[in-house]
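Report on the following structure.
The values are calculated or read from the model by the stated rules, or taken from the named source; none is laboratory data. Keep in mind that what you see is a predicted model, and the values were worked out from it rather than measured. Every residue, glycine as well, gets a Cβ built from its backbone with ideal geometry; the counts of neighbours run over all protein chains shown. With ligands, DNA and RNA removed, areas are computed over all heavy atoms of the protein, side chains included. Shrake-Rupley method; radii C 1.70, N 1.55, O 1.52, S 1.80 Å.
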Amino acid sequence: MIKEITARTLLSSSKHPDPWFGVKYTMNLYRGCQHQCIYCDSRSECYQIEDFAEILVKVNAIELLKKELPSKRVKGTVGLGSMNDCYMPVEERFRLTRQALEFVARHCFPVHIITKSDLVLRDLDLLREIAKVYAAVSFTITTADEELAAKLEPGAPSPSRRYQAIKTLSDQGIYTGITLMPVLPFIEDNEENILAIVDRAREAGAKYIIASFGMTMRDRQRAYYYGKLDRLFPGLRERYEKRFGDQYSCGALSAGKLEKMFQEACARYSIATRMTQYAMETSQLQLGLFDPGAHAGKA
Ligand code: SF4
């Protein structure tokens, strides 16, 4: 179900940019996510989303953005795609992500997008404009196996479509890579899967892969995930319960060995395992001293 709502605020700021992607401002234009990944952490109780399958569209989001963004004194990276996928199917109709990017581009803010959807290609023109400051697009890929992905991420475009989108963006000079997370214990934590992801990343021209070997689980999210395991992978829930109990952080099996192999494969193909982030300090300084409207340099 899709429901239109009005929000009170849009941008949330963090004091320090997050260490993975350098994001300083986060915006969620929607609540809930149509991709319905079975492991999604946004189902956790702390986020207070009662029905994650119901999509709430913040119809006044662009109005809020126009009020909030120009008042930000620090030109930090704006992140899209943390609690939902900003390119899920509903975006085709409402175009909130596109309108937000238009405004961000006009105000010369850097952007980082995480998505599983090739709908991002629709906004290539805007990304090229934003890339004059800084634009990065990270595609989450947890398996290169199409059948497995259809079980784990039933509403999202296939891994092949994601790789094709990486190639298109990369060929167009957009800084593009992969977030390889989560790596689901007993399902995705094997050498074959990790090497296949890296191999296809190389073919697609991905510039980086940021990996985390394991998953997190808590309350409502765990219950949902276990319910799906019972249906899709009978017997696996018991193995999870035995190995992890109530733990929040659930590491992949042989995580150390997998990580070593992953690092070696990336080094072989010259794929970075960290992102180059927007250089906030430098550009802030330049902006403050010389020209408040100038484009900052790429990190
Ligand atoms: S795409 Fe991301 S936000 Fe959407 S369901 Fe999957 S993990 Fe959750």
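Under 5 Å between amide hydrogens, built in the peptide plane, is the criterion, and for GLY79 it picks out LYS24, TYR25, THR26, MET27, HIS112 among residues at least 5 positions away or on other chains. Taking amide hydrogens as placed 1.01 Å from N in the peptide plane, the amide H of ALA135 sits under 5 Å from those of VAL111, TYR175, each at least 5 positions away in sequence or on another chain. In units of the compact-protein estimate 2.2 N^0.38 Å, region 105-239 shows a Cα radius of gyration of 1.16.
Computing the accessible area with a 1.4 Å probe over protein heavy atoms, can you report the carbon and sulfur percentage for region 19-153? The nonpolar share, carbon plus sulfur, comes to 48 percent. Taking only the C-alpha atoms of region 1-105, Rg followed by Dmax gives 13.6, 39 Å. Comparing GLY173, GLY214, GLY235 in a Gaussian network model of the chain (Cα springs below 10 Å), the most mobile by mean-square fluctuation is GLY235. Placing unit charges on the Cβ atoms of the charged side chains and taking the dipole of region 18-74 about its Cα centre, the candidate lying farthest along the positive direction among ASN60, VAL74, CYS33 is VAL74.
If you run the Gaussian network model on the chain, springs between alpha carbon atoms under 10 Å, then out of SER42, SER71, SER160 the most flexible one is SER71.
Counting only protein chain heavy atoms and rolling a 1.4 Å probe, the accessible areas of SER270, SER158 rank, largest first, as SER270, SER158.
Within region 96-144, the percentage of alpha carbon pairs spaced more than 13 angstrom apart rounds to 55%. Stretching ASP230 away from GLU92 to a fully extended chain increases their span by 46.3 nm, per 0.36 nm per residue minus the current alpha-carbon distance. Listed values for region 68-77 are Karplus-derived 3J(HN,Hα) couplings in whole Hz (6.51 cos²θ - 1.76 cosθ + 1.60, θ = phi - 60°), namely 7, 5, x, 7, 6, 7, 9, 8, x, 5, and x replaces Gly and Pro. Over all directions, the projected convex hull of the C-alpha atoms in region 64-176 averages 7.0 nm² in area. Only aspartates and glutamates eight or more places from LYS58 in sequence, or on another chain, were considered; those with a Cα closer than 13 Å are GLU4, GLU91.
Note on region 141-207: Kirkwood hydrodynamic radius from all Cα pairs is 12.2 Å, rounded to one decimal. Taking every DSSP helix (H) stretch of at least 4 residues in the chain, weighting each as -39,500 (n - 2.57) and dividing the sum by the residue count yields a mean residue ellipticity at 222 nm of -11000 deg cm²/dmol.
Evaluated over the Cα positions of region 39-90, the convex hull gives a direction-averaged projected area, one quarter of its surface, of 5.0 nm². Sorting HIS16, HIS107, HIS112 on solvent-accessible area from highest to lowest, probe radius 1.4 Å, gives HIS16, HIS107, HIS112. Overall, the chain carries a charge dipole of about 700 debye about its Cα centre when +1 sits on the Cβ of Lys and Arg and -1 on the Cβ of Asp and Glu, all other atoms neutral. If I build a Gaussian network model for the chain, linking alpha-carbon pairs within less than 10 angstrom, which residue out of LEU258, LEU56, LEU232 has the largest mean-square fluctuation? So, out of LEU258, LEU56, LEU232, the one fluctuating most is LEU232. Per q in 0.11 1/Å, what log10 I(q)/I(0) does a Debye calculation on the alpha-carbon atoms of the chain return? Calculated log10 I(q)/I(0) at the listed q: -0.67.
For the chain, the longest principal axis of the C-alpha atoms and the axis of helix 280-289 are separated by about 10°.
Taking the longest Cα principal axis of the chain as reference, the axis of helix 159-171 is set at about 30 degrees.
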